[in-house]
Amino acid sequence: MAGFESQKKSARLLYYAPNKQPSYGTALVNGKFVAGWQQRFDGAGILELTPTKRTDKNMAKGTEFATNEQTTGWDLKFGHKSDLDARLAGMIMAFLLGSDTITGGSAPYTHSMAFEETTTQAVATSIYMVDTAAIERTLIDMAISDVTLTIPARGPCTIEVNWMGTGHWTNGTQATPPALDQPTYILGSDCTMQLGPVGSLASMVGRHMTTTWKWSTGVVNHTAPGGGLYGLFPRLGLRKFSFESTIAAKDTDDISTLLEADTLCGLTWAINSGAQAQFNITVPNCSLKAAKMGFDGNMTVWQIESDETLMLVSGGSPFTAQVINGVASYLAS
């Protein structure tokens, strides 16, 4: 019986660079990955390289079966889950929202992100992956499709991110990618949540049990005649976003009344896991979509939620994200 070298999921490698591509269809050069980092991920993240095919199966030709076929297009998707570290937090939010305003001449750098609304062209980057001993690829024109952030009571926050490309990729090895290093993680136990009527926020520390944020860019692979087998660029659709938080009830009500009175609220999630590992989300003006009673064992809790229909633009954006880390910039080409 013949043997073979099976391939381990744990041996897969994922490399990010904080840069955007100089143009669509043009991969980041090797040096950008050398200056980037190797990203730990769940290992089960799947690269979906999908061809579109045409055949003559449904044509009249003397047989009901296909007699020819050809590839007419390529689509590419990739997604993974990771524990959230400080540099990944900055990258995901910058590419998700499309802007990065930087302050600080040296580390720590403060990155302030909000929605970019002046274009429908999504910011794209390249991703380098090693899947097996024989398969190494650079994925081109990768734009964020959706993100899920979970803030737990203990341990690192987790991020699930899905990318969409135009179908472009190249095979081959990148030159000297970075070795595995030790990032600083963003911990749920370091999160201070505030909630209350606008201008009168109160700390929810001790009562805030967990939060999940979800964002979607609605991005599509824009195809048109003349593009060949690939899309021309990733195009933004209508963006959606929402959060759900679990808050323990107390003897005097301060949650249900917000929903009942249709009170405009402010919310903040401030996570400080070190001088170069901070992640903050601010919602300046929203109303609650739901405040559902639930139970955690014998403890009564409120499950509150809101979304893009109820988070109102204030100062130019319905919410803002801020990351403080040691990365000098994102989105530079």
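The values are calculated or read from the model by the stated rules, or taken from the named source; none is laboratory data. For clarity, every value in this text was computed on a predicted model and none was experimentally measured. Every residue, glycine among them, receives a Cβ derived from its backbone with ideal geometry; neighbour counts consider all protein chains shown.
Observations on the model:
- Sub-9 Å Cβ pairs linking a first residue in the stretch 121-134 that is at positive phi and among the charged types (D, E, K, R) to a second residue that is in a loop (DSSP other than H, G, I, E, B) and buried (at least 24 other Cβ atoms within 10 Å of the Cβ), at least 6 apart or interchain, number zero.
- Restricting attention to the stretch 280-301, the residues that are within 27 Å of the chain's Cα centre (by Cα) and either among the hydrophobic types (A, V, I, L, M, F, W, C) or part of a loop (DSSP other than H, G, I, E, B) (or both) total 8.
- The stretch 116-145: number of residues that are surrounded by fewer than 20 Cβ atoms within 10 Å (Cβ to Cβ), under 29 Å from Val313 (Cβ atoms) and touching a strand residue (DSSP E or B) at 6+ places or on another chain (Cβ under 7 Å): 2
- Residue selected from the stretch 243-296 under the condition within 30 Å of Ala328 (Cα to Cα) and of a type in the set (A, V, I, L, M), by the criterion surrounded by the fewest Cβ atoms within 10 Å (Cβ to Cβ): Ala275
- Set side by side, the residues Gly79, Gly105, Gly73, Gly155 differ, and just one is surrounded by fewer than 23 Cβ atoms within 10 Å (Cβ to Cβ) and at pLDDT below 95, which is Gly105.
- Residue list for the stretch 294-320, filter: at pLDDT 95 or above and at positive phi: Gly297
- Number of residues in the stretch 60-112 that are closer than 19 Å to Gly165 by Cβ and either in contact with a His (Cβ under 6 Å, 6 or more places away or on another chain) or assigned to a loop (DSSP other than H, G, I, E, B) (or both) equals 1.
- Screening Gly237, Gly266 for residues that are assigned to a strand (DSSP E or B) and in contact with a Gly (Cβ under 7 Å, 6 or more places away or on another chain) leaves exactly one candidate, Gly266.
- Residue check for Gly218: modelled with pLDDT of 95 or more, surrounded by 15 or more Cβ atoms within 10 Å (Cβ to Cβ) and within 30 Å of Leu288 (Cα to Cα): no
- Residue that is outside any loop (DSSP other than H, G, I, E, B) and either in contact (Cβ under 8 Å) with a residue 12 or more places away in the chain or under 26 Å from Ser216 (Cβ atoms) (or both), where the choices are Leu139, Leu180: Leu139
- The single condition from (1) part of a loop (DSSP other than H, G, I, E, B); (2) in contact (Cβ under 8 Å) with a residue 40 or more places away in the chain; (3) more than 30 Å from Glu308 (Cβ to Cβ) that Lys57 fails is (2).
- Only one of the listed residues (Gly206, Gly266, Gly237, Gly188) is at positive phi and not β-branched (Val, Ile, Thr). That residue is Gly206.
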